[in-house]
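One structure is given here, and the rest of the page talks about it.
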Amino acid sequence: MNEELDSQLSAMFDDELAPEECELLARRLSRDEQLKARWGRYAVIGAAIRSERGVLNAALAGRVSAVILAEPALAAAQGARRAPARWWQPLAGAAVAVGVAVGSVLWLRAQAPFTAAPPSAQLTATVSVPAAALLPAAAAGAADSYVVPRAPAVRAMVPSTELANYVVAHSVFSSPVGRRNLLSAFMASESGTAAEEPPVEPEGNVR
Amino acid sequence: MSADASDLSLVRRVQRGDKGAFDALVLKYQHKLVKLVMRYVRNPAEAEDIAQEAFIKAYRALPQFRGDSAFYTWLYRIAINTAKNAVVSRDRSPIEYDLDRNSEESYDMQGRMKDSETPEGLVLTEEIRSTVNAAIDALPEDLRTAIVLRELEGLSYEEIAAAMACPVGTVRSRIFRAREAIDRRLREVFEGGLGRAEELG
C-alpha cells in the first residue's frame, strides 16, 4: 500500500485533508475494499482508545451495507421520482410565456395615449404634410430662422352624406346598437375633425 | 482546511449514486452512533439495531441533506429521533445519562448480560481493546501523545501542533505513524490467531 495514500487517508479520517484531495480520495475509498478496510480499522482504533461501549466489530456496517445494496442508488431513485413531474414543465413554461406576452400587450394598449380619432378613423386617416414644411428654409430662399413646425392636420375619413343617408334608409336591417354606434361616429366626424379642419395652406416661417 | 470536507466529499458521492461511499461513512461513525443510542436503550444488540435503522434512514434522506450542518450532526439527530421512537414504541423509559455515569460498571454488566448475541463479540471487543492499548503503550512518546490528543481529546492538528510545539505536517505524520503501528499489531493478532480480521473493518 502506498504510504502517501495511507497518510492522506489518515488525515481525511480526521477531517484534516484539503477538500480537493478529499474528493479524489473519496472516489478511491468508495471503490477500494482494502482502503475501506483500513479506514474501518482507523475507526476501531479510535473507538478502542476512547473505550467506547459496544461491540467493536463491523457486523453493523456489514448489515447496513447489505440493506443499502438492495436499495436503488440515490441518483437513480431521485431521477425516478422526478420523471413523472417533468412532462408538464415545458407546457407550464410555454403557458407562462404566453400569459406574460398577452398581459404585456394588454397593458401597453391600456397605457397608449388617448387619441381623439376613433380607432377606425386612425387606421384609415391620411396624414397630409404640406410640401413646404418638409423643405429646408434655405432651399426656399428665406433667411435663417427657427421654424415652429405646424402640427400635421389629420384628415379623418369623413363619411359622405350619401353614406349616412344609406345607413338611415336601411336601418331596419341593422341592429339598434350597431346603428346607434355608426350614427354617433358620423356625427362625431361631422362636428369634430372634419368641421374644424383648417384649409391647407403653405407653412410660413415664424421668427 | 474546511471542517467536514471529508464527510461532505463522501456524502456528495452517495448523492450521485455511489453506495460504496456510504459504507465508508458507516464504518467511520458506527461506534459513535451505537454509543449514542446506548444512552436510550440498555441492550447493545438493540442499540445496534437502532443504529442500523438510523443509518438506513439517513441513506434514504440523504438527497435532502444540503450540507448546512456537519454530516455527523445531521446523523446524530436522526439517531436520537430513531432511538426515542424505538423507546416509545417499546414502552420503555430512556436511561438517564447521569445514571450510567454513576454506576458505569454495573451498567456495563447489565448491558452485557442482556446482550444475547455477543458473547463472542464481547470477547473480540476485549481482545481488540487490549491489543490497541498494548500497541499504544509500545509507541514512542511523541506518537503516543499525538494519537491520544487526537482520539481521546479530539484536538485538531493545529491544536496538537501548538501543544507539542511542532509543525502541523509533523503532527499529521505522527498520527499516521501511530495508527499504522497500532493497525499493524491488530492485523498480526487477528490474522494470525483469530482469523477474524474481516470483522474489524
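So which of B:47, B:3 is over 16 Å from the mean Cα position of the chain (by Cα), modelled with pLDDT under 95 and of a type in the set (A, V, I, L, M, F, W, C)? The unique qualifying residue is B:3.
In the stretch B:156-168, how many residues are in a helix (DSSP H, G or I) and either open to solvent by 50 Å² or more (accessible area, probe 1.4 Å) or facing chain A (nearest Cβ under 7 Å) (or both)? Going through the stretch B:156-168 one residue at a time, the tally reaches 6. Residue pairs whose Cβ atoms lie under 6 Å apart, sitting 6 or more positions apart in sequence or on different chains, and linking a residue in the stretch A:1-15 that is within 7 Å of chain B (Cβ to nearest Cβ) to a partner that is of a type in the set (Lys, Arg) and open to solvent by 40 Å² or more (accessible area, probe 1.4 Å), are A:11/B:172.
For the stretch B:12-53, what are the residues that are facing chain A (nearest Cβ under 7 Å), without any contact (Cβ under 8 Å) to a residue 60 or more places away in the chain and not in a helix (DSSP H, G or I)? B:16, B:17, B:18, listed by residue number.
Residue-by-condition table, conditions (1) modelled with pLDDT under 90; (2) open to solvent by 20 Å² or more (accessible area, probe 1.4 Å); (3) within 49 Å of the chain's Cα centre (by Cα):
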{"residue": "A:16", "(1), (2), (3)": "no, yes, yes"}
{"residue": "A:23", "(1), (2), (3)": "no, yes, yes"}
{"residue": "A:29", "(1), (2), (3)": "no, no, yes"}
{"residue": "A:45", "(1), (2), (3)": "no, no, no"}
{"residue": "A:53", "(1), (2), (3)": "yes, yes, no"}
{"residue": "A:62", "(1), (2), (3)": "yes, yes, no"}
{"residue": "A:65", "(1), (2), (3)": "no, yes, yes"}
{"residue": "A:93", "(1), (2), (3)": "yes, yes, yes"}
{"residue": "A:98", "(1), (2), (3)": "yes, yes, yes"}
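Looking only at the stretch B:132-155, which residues are at the interface with chain A (Cβ under 7 Å from one of its Cβ atoms) and in a loop (DSSP other than H, G, I, E, B)? The answer is B:152, and nothing else. Applying the selection to the stretch A:67-91, what residues are assigned to a helix (DSSP H, G or I) and at pLDDT 80 or above? Listed by number, the residues that qualify are A:67, A:68, A:69, A:70.
Restricting attention to the stretch A:1-26, the residues being closer than 16 Å to residue B:14 by Cβ and either of a type in the set (Asp, Glu) or out of contact with any helix residue (DSSP H, G or I) (no Cβ under 7 Å at 6 or more places or on another chain) (or both) number 1.
The values are calculated or read from the model by the stated rules, or taken from the named source; none is laboratory data. The model shown is predicted, which means the values in this text are computed figures rather than measured ones. As a convention, Cβ positions derive from the backbone with ideal geometry for all residues, glycine included, and neighbour counts pool all protein chains shown. Note: areas computed on protein heavy atoms with side chains; ligands, DNA, RNA excluded. Shrake-Rupley method; radii C 1.70, N 1.55, O 1.52, S 1.80 Å.
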